[in-house]
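Here is the structure we will look at, set down as structure tokens.
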Amino acid sequence: MHEMSLAGGILRVVEDAAARERFTRVKRLTLEAGALAGVEVRALRFALEAMMAGTVLDGAAIEIDEP
């Protein structure tokens with residue numbers, strides 16, 4: 001599943017930023033997935049929700065814009 005890999009990469013980016021900027025919680029994650037990105041938005045949301053428990057994203061609202 002391509003979206004699971006993307007979700008893992010997004011989580012790593014956020015975790016790296018948390019370590020660098022010294023924050024412990026994210027309240028809202030906003031992403032943009034254009035039509036040519038080849039991303040199934042529902043699958044990406046599912047993957048993020050499955051992976052975010054116990055991370056700085058735990059409990060965060062996920063917004064995925066589709067321009």
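The values are calculated or read from the model by the stated rules, or taken from the named source; none is laboratory data. Computed from a predicted structure; not experimentally measured. As a convention, Cβ positions derive from the backbone with ideal geometry for all residues, glycine included, and neighbour counts pool all protein chains shown. Accessible surface is based on the protein model in full, side chains and every heavy atom, while ligands, DNA and RNA are left aside. Shrake-Rupley method; radii C 1.70, N 1.55, O 1.52, S 1.80 Å.
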Q. Taking +1 at the Cβ of each Lys and Arg and -1 at the Cβ of each Asp and Glu, which of Met51, Ala19, Leu6 sits farthest along the dipole of the chain towards its positive end, judged by Cα position relative to the Cα centre?
A. Ala19
(Q) What is the percent carbon and sulfur in the accessible area of the chain, measuring with a 1.4 Å probe over the protein chains and ignoring ligands? (A) 52 percent
**Q.** 0 to 90° range, to nearest 10: angle between helix 2-21 axis and the chain longest Cα axis
**A.** 30 degrees
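For a Förster distance of 22 Å, can you work out the FRET efficiency between the beta-carbons of Asp65 and Val13, rounded to the nearest 0.05? Could the numbers behind the result be given before it?
Numbers: r = 17 Å, r/R0 = 0.79.
Given R0 = 22 Å and the Cβ-Cβ separation, E is 0.80.
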Q: Obtain the nm distance between the two label points defined at Arg25 and Ser5 by a simple spin-label model: each point lies 7 Å from its Cα along the Cα-to-C-beta direction.
A: 3.4 nm
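Just to confirm the filter: which trypsin sites (Lys or Arg not before Pro) across region 1-53 are DSSP coil and have at most 15 other Cβ within 10 angstrom of their Cβ?
Numbers: sites: Arg12, Arg20, Arg22, Arg25, Lys27, Arg28, Arg42, Arg45; in loops: Arg22, Arg25, Lys27.
Passing sites in region 1-53 are Arg22, Arg25, Lys27.
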(Q) Here are labelled values, (i) 21, 12, 11; (ii) 18, 17, 11; (iii) 23, 11, 9, and one is the computed semi-axes √(5λ) of the Cα gyration tensor in Å for what I pasted. Which one? (A) (i)
Q: Over the chain, give the accessible area per residue in Å² for a 1.4 Å probe, as an integer.
A: 68 Å²
Q: Could you size up the charge dipole of the chain around its Cα centre, putting +1 on the beta carbon of Lys and Arg and -1 on that of Asp and Glu, and report it in debye to the nearest 20?
A: 280 debye
